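See structure below.
The values are calculated or read from the model by the stated rules, or taken from the named source; none is laboratory data. Fair warning: this is a prediction, and the values are worked out from it, not measured in the lab. Glycine gets a Cβ as well: all are built from the backbone with ideal geometry, and neighbour counts include every protein chain shown.
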Amino acid sequence: MNKHIATQIANTYKRMATRARYRPAAPGDGMGNILFPEQELDLEQEQFDYIKSWWATEDSGTYPAGVPDFTYRPALIFIIEAARNLNGMAPEVARKLLVMAIEQIDHENPVDVDQLEKDNAA
(Lines give C-alpha, C1' and ligand atoms only; values in the text may rest on other atoms or scores of the structure.)
Protein backbone atom coordinates (compact mmCIF):
# COMPACT_ATOMS: atom_id res chain seq x y z
CA MET A 1 0.00 0.00 0.00
CA ASN A 2 1.34 3.41 -0.86
CA LYS A 3 1.20 6.64 1.15
CA HIS A 4 -1.68 8.08 -0.90
CA ILE A 5 -3.90 5.08 -0.14
CA ALA A 6 -3.00 5.22 3.57
CA THR A 7 -3.84 8.93 3.66
CA GLN A 8 -7.14 8.31 1.85
CA ILE A 9 -8.15 5.61 4.36
CA ALA A 10 -7.05 7.76 7.35
CA ASN A 11 -9.05 10.74 6.08
CA THR A 12 -12.09 8.54 5.48
CA TYR A 13 -11.85 7.18 9.03
CA LYS A 14 -11.63 10.72 10.42
CA ARG A 15 -14.74 11.70 8.46
CA MET A 16 -16.63 8.70 9.87
CA ALA A 17 -15.49 9.61 13.39
CA THR A 18 -16.41 13.30 13.16
CA ARG A 19 -19.50 13.34 10.94
CA ALA A 20 -21.15 10.01 11.75
CA ARG A 21 -19.64 9.64 15.22
CA TYR A 22 -18.73 6.12 14.12
CA ARG A 23 -15.32 4.83 15.20
CA PRO A 24 -14.96 1.14 14.29
CA ALA A 25 -11.33 0.98 15.45
CA ALA A 26 -12.04 2.45 18.91
CA PRO A 27 -11.95 0.09 21.88
CA GLY A 28 -15.45 -1.36 22.04
CA ASP A 29 -17.63 -4.15 23.32
CA GLY A 30 -18.31 -5.68 19.90
CA MET A 31 -21.85 -4.32 19.90
CA GLY A 32 -21.08 -0.80 18.71
CA ASN A 33 -20.47 0.72 22.12
CA ILE A 34 -17.18 2.53 22.78
CA LEU A 35 -15.73 1.66 26.16
CA PHE A 36 -14.01 4.96 26.98
CA PRO A 37 -14.97 8.66 26.99
CA GLU A 38 -14.14 10.41 23.72
CA GLN A 39 -11.42 12.56 25.32
CA GLU A 40 -9.55 9.36 26.28
CA LEU A 41 -9.56 7.99 22.73
CA ASP A 42 -6.60 8.29 20.36
CA LEU A 43 -7.91 9.12 16.88
CA GLU A 44 -4.48 8.79 15.25
CA GLN A 45 -3.97 5.30 16.71
CA GLU A 46 -7.47 4.34 15.58
CA GLN A 47 -6.67 5.59 12.08
CA PHE A 48 -3.44 3.59 12.03
CA ASP A 49 -5.22 0.44 13.24
CA TYR A 50 -8.04 0.95 10.75
CA ILE A 51 -5.62 1.44 7.84
CA LYS A 52 -3.98 -1.89 8.63
CA SER A 53 -7.30 -3.67 9.06
CA TRP A 54 -8.93 -2.13 6.00
CA TRP A 55 -5.95 -2.83 3.77
CA ALA A 56 -5.72 -6.47 4.89
CA THR A 57 -9.42 -6.88 4.08
CA GLU A 58 -9.12 -5.08 0.75
CA ASP A 59 -6.04 -7.05 -0.18
CA SER A 60 -7.89 -10.32 0.55
CA GLY A 61 -10.79 -9.30 -1.70
CA THR A 62 -13.31 -10.42 0.93
CA TYR A 63 -15.39 -7.96 2.95
CA PRO A 64 -17.35 -9.70 5.70
CA ALA A 65 -20.57 -7.84 6.44
CA GLY A 66 -21.88 -9.88 9.35
CA VAL A 67 -25.31 -11.47 9.61
CA PRO A 68 -28.29 -9.27 8.73
CA ASP A 69 -31.33 -8.74 10.90
CA PHE A 70 -34.51 -9.90 9.11
CA THR A 71 -35.98 -6.41 9.22
CA TYR A 72 -33.05 -4.71 7.52
CA ARG A 73 -31.87 -7.48 5.18
CA PRO A 74 -33.26 -5.68 2.08
CA ALA A 75 -31.34 -2.51 3.00
CA LEU A 76 -28.17 -4.53 3.54
CA ILE A 77 -28.61 -6.21 0.16
CA PHE A 78 -28.94 -2.80 -1.52
CA ILE A 79 -25.82 -1.55 0.32
CA ILE A 80 -23.71 -4.60 -0.57
CA GLU A 81 -24.80 -4.40 -4.19
CA ALA A 82 -24.01 -0.68 -4.21
CA ALA A 83 -20.50 -1.50 -3.02
CA ARG A 84 -20.14 -4.07 -5.78
CA ASN A 85 -21.23 -1.46 -8.31
CA LEU A 86 -18.63 0.97 -7.01
CA ASN A 87 -16.01 -1.76 -7.47
CA GLY A 88 -17.39 -2.31 -10.96
CA MET A 89 -17.17 1.41 -11.76
CA ALA A 90 -20.92 1.98 -11.92
CA PRO A 91 -21.39 4.86 -9.44
CA GLU A 92 -24.81 5.89 -10.74
CA VAL A 93 -26.22 2.43 -10.06
CA ALA A 94 -24.52 2.47 -6.65
CA ARG A 95 -26.16 5.83 -5.85
CA LYS A 96 -29.63 4.49 -6.76
CA LEU A 97 -29.09 1.40 -4.61
CA LEU A 98 -27.93 3.52 -1.65
CA VAL A 99 -31.04 5.70 -1.96
CA MET A 100 -33.14 2.52 -1.98
CA ALA A 101 -31.32 1.34 1.16
CA ILE A 102 -32.02 4.62 2.95
CA GLU A 103 -35.67 4.47 1.92
CA GLN A 104 -35.84 0.91 3.26
CA ILE A 105 -34.27 1.93 6.58
CA ASP A 106 -36.55 4.97 6.92
CA HIS A 107 -39.73 3.03 6.17
CA GLU A 108 -41.84 2.61 9.33
CA ASN A 109 -42.24 -1.13 8.80
CA PRO A 110 -39.33 -2.10 6.53
CA VAL A 111 -40.54 -5.66 6.06
CA ASP A 112 -44.19 -6.67 6.06
CA VAL A 113 -44.13 -10.44 6.72
CA ASP A 114 -47.76 -10.86 5.62
CA GLN A 115 -46.96 -9.16 2.29
CA LEU A 116 -43.92 -11.41 1.83
CA GLU A 117 -46.13 -14.49 2.30
CA LYS A 118 -48.68 -13.13 -0.20
CA ASP A 119 -45.91 -12.42 -2.71
CA ASN A 120 -44.51 -15.93 -2.31
CA ALA A 121 -47.97 -17.51 -2.74
CA ALA A 122 -48.55 -15.69 -6.03
Residues that are surrounded by 15 or more Cβ atoms within 10 Å (Cβ to Cβ): find the helices (runs of 4 or more DSSP H) completely inside segment 6-122 holding 1 or more of those. 43-60, 73-87, 91-106
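Under the condition of being hydrophobic (A, V, I, L, M, F, W, C) and either in the same structural domain as I80 (by TED's automatic domain parsing) or touching a Leu at 6+ places or on another chain (Cβ under 9 Å) (or both), which residue from segment 19-67 is farthest from M1 (Cα to Cα)?
Only one residue fits best here, namely I34.
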